[in-house]
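The values are calculated or read from the model by the stated rules, or taken from the named source; none is laboratory data. Just so we're clear, the structure is a prediction, and the values are computed from it rather than from any experiment. When we count neighbours, we look across all protein chains shown, and the Cβ atoms used for this are built from the backbone with ideal geometry, even at glycine.
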Amino acid sequence: MKKRIFRSMCGVMLLCIMLACIFVTVVLYKFSFERMQTMIRDETVYVAASLNNGDTSGLEATQATFTRITLVAPDGTVVFDSKEDPARMENHANRPEIAGALRTGVSEARRYSETLSTPYYRAVRLQNGQVVRVSGDMDSVWVTVLRYLPYILLAFLAAILVSGRSANYLAGRIAVPINNVNLNDPLSNDVYEELSPLLRRIERQRLEIKEQLTQMEEQRREFSAITGNMREGLILLGKDAEVLSINQSALTALGLGQEECTGKHILSMNRDEALQRAVFQGLSGAAGETLLTLGGREYQLLASPVAGDDTIRGIVLLLMDVTDRLKAEQMRREFTANVSHELKTPLTSISGFAEIIKDGMAKSGDIPQFAARIYNEAKRMIALVDDILRLSRLDEKSEAVPREEVDLLALSRDVVQRLLQPAKDRDVRVDVSGDATVIFGAPHILEEMVGNLCDNAIKYNKYSGSVSITVEEQPDSVLLTVSDTGIGIPKEHHARVFERFYRVDKSHSKETGGTGLGLSIVKHGAIFHNARLELKSEEGNGTTVLIQFPKRQ
């Protein structure tokens, strides 16, 4: 700023000095020219008076002066000239000053020559009709300037030196207070009065900017708090698909850190074809939606373009984890298909046998057998519907289900008593042992859980095998263990055996009967009681199911 002020002041001073020099030169030139005019006029009067009196001595006396005297006859012939030979001079009748003097008696003229001089002429008509002309040369303005140039330059340099030092000093005096202005508190500065409006305006703008920054920071914190606690992944992209903002859910889904994302192109972090398609669709101005697989989970990706001034300013990407929903939909479809299949089989059998009896095609001796088949299939359907209803109630986690203190060991013994006949039919020994412990739960749900586990352990056991039920009290929980020496479950089926209607060996399951919902009821009963369910089994080496109930709900 100081340099700019210094240059400005120097420029103004130089211009002023130059104008002053030109003005002085013009004034000096004008003064000299007017002085010369006065001298020539006086001399013209003197010479004309002498010649009218017949005295020609004045003509000889002027030959040594700076003026020039010319005597011209009425016809324009030069009679005398103080500087030139009259015989070699041309006729002067057409000269303005001569012609004017012949007409009016007195005439003046001023002409510019090629020698940068300015001749001045004054002519007077004498009594005898002749014209006497007195002239003098005056250098032009530029000649005058050149003549006095050394003095002008000396004065000019002296003025520049003085002006430069003065400009530097004044620039410092002006710039230092301005450079030292405290912008954090403009009104506290002691500077020129002329700066007060500017400082007040700066103070108002400072307060407005401070308020805007506070609002922006508050909005940023609110945005960060909202996006940071969102279950959905949120990614804001710029017009070139670079990451402007990304929340923790999106980072977790992509398996990246904050420093690996901000400012980088989204496709440099994940090149999934579905993601590329959604981003390109968003950049083209259209909303996109697709499914994206990240880390073994399924995400629904929504891409919405952000438009402004008829251009795409960016894209908003929303990642929603739909893994559980898709699994639930898949399970629902499978459940619907399985229920339809499970119901259709006995209904077909019932309908077939009933139609045979209705049409009188059955022999009298076969009717009891057909009736028994119809009864068994109907009973199987009722059991299936009951199991479906039980699962439905467990899914709802209804608080209306009564709960009470239940002795798990005694409940297990009661269940085993009801299964003694099926166990006897397969020559399977069932033992119950452990501690008499009490838990808080729903008795009928616990009975179904233990009953299904024991029923499976008997059905899928080997002949002359054994089933062991143990109840063990632990510091904060009660552990129920049901082990058998049966056919076991291959490891690849462990994750699905608790699904509805899932059967490891469908052919063997048909032989043993059942609805395929027993272990699913066990799983949902464990969830209902906040219990932990664990399966240990190897193909051919039996199965062990452990359920750990909390003592206190």
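So, in segment 107-130, exactly how many residues are of a type in the set (Val, Ile, Thr) and at pLDDT below 90?
Within segment 107-130, the first condition is being of a type in the set (Val, Ile, Thr), and the residues that meet it are 115, 118, 124.
Restricting the remaining residues to those that are at pLDDT below 90 gives 115, 118.
Qualifying residue count for the region: 2.
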Pairs, first under 15 Å from GLY308 (Cα atoms) in segment 275-290, second basic (Lys, Arg) and surrounded by fewer than 18 Cβ atoms within 10 Å (Cβ to Cβ), C-beta under 8 Å, six or more apart: LEU283/LYS239
Among the residues of segment 414-443, write down those that are in a helix (DSSP H, G or I) and loosely packed, with under 13 Cβ neighbours inside 10 Å. GLN417, ARG418, LEU420, GLN421, LYS424, ASP425
Take the residues in segment 285-332 that are small (Gly, Ala, Ser) and part of a loop (DSSP other than H, G, I, E, B), then tell me which one is nearest to the chain's Cα centre (by Cα). GLY285
Within segment 453-470, is even one residue surrounded by fewer than 20 Cβ atoms within 10 Å (Cβ to Cβ), assigned to a loop (DSSP other than H, G, I, E, B), of a type in the set (Ser, Thr, Tyr) and at pLDDT 85 or above? yes
Mind checking which residues of segment 375-413 are at pLDDT 70 or above, out of contact with any helix residue (DSSP H, G or I) (no Cβ under 9 Å at 6 or more places or on another chain) and under 29 Å from GLU473 (Cβ atoms)? GLU405, ASP407, LEU409, ALA410, ARG413
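On the given criteria, is ASP185 exposed (fewer than 11 other Cβ atoms within 10 Å of the Cβ) and modelled with pLDDT under 75? Steps first, answer last, please.
Values: exposed (fewer than 11 other Cβ atoms within 10 Å of the Cβ): no; modelled with pLDDT under 75: yes.
Spelling it out, it is not the case that ASP185 is exposed (fewer than 11 other Cβ atoms within 10 Å of the Cβ) and modelled with pLDDT under 75.
Residues in segment 295-304: is at least one among the aromatic types (Phe, Trp, Tyr) and in contact (Cβ under 8 Å) with a residue 12 or more places away in the chain? Steps first, please.
Filtering segment 295-304 for residues among the aromatic types (Phe, Trp, Tyr) gives 299.
With in contact (Cβ under 8 Å) with a residue 12 or more places away in the chain added as a condition, the list becomes 299.
Within segment 295-304, one or more residues are among the aromatic types (Phe, Trp, Tyr) and in contact (Cβ under 8 Å) with a residue 12 or more places away in the chain.
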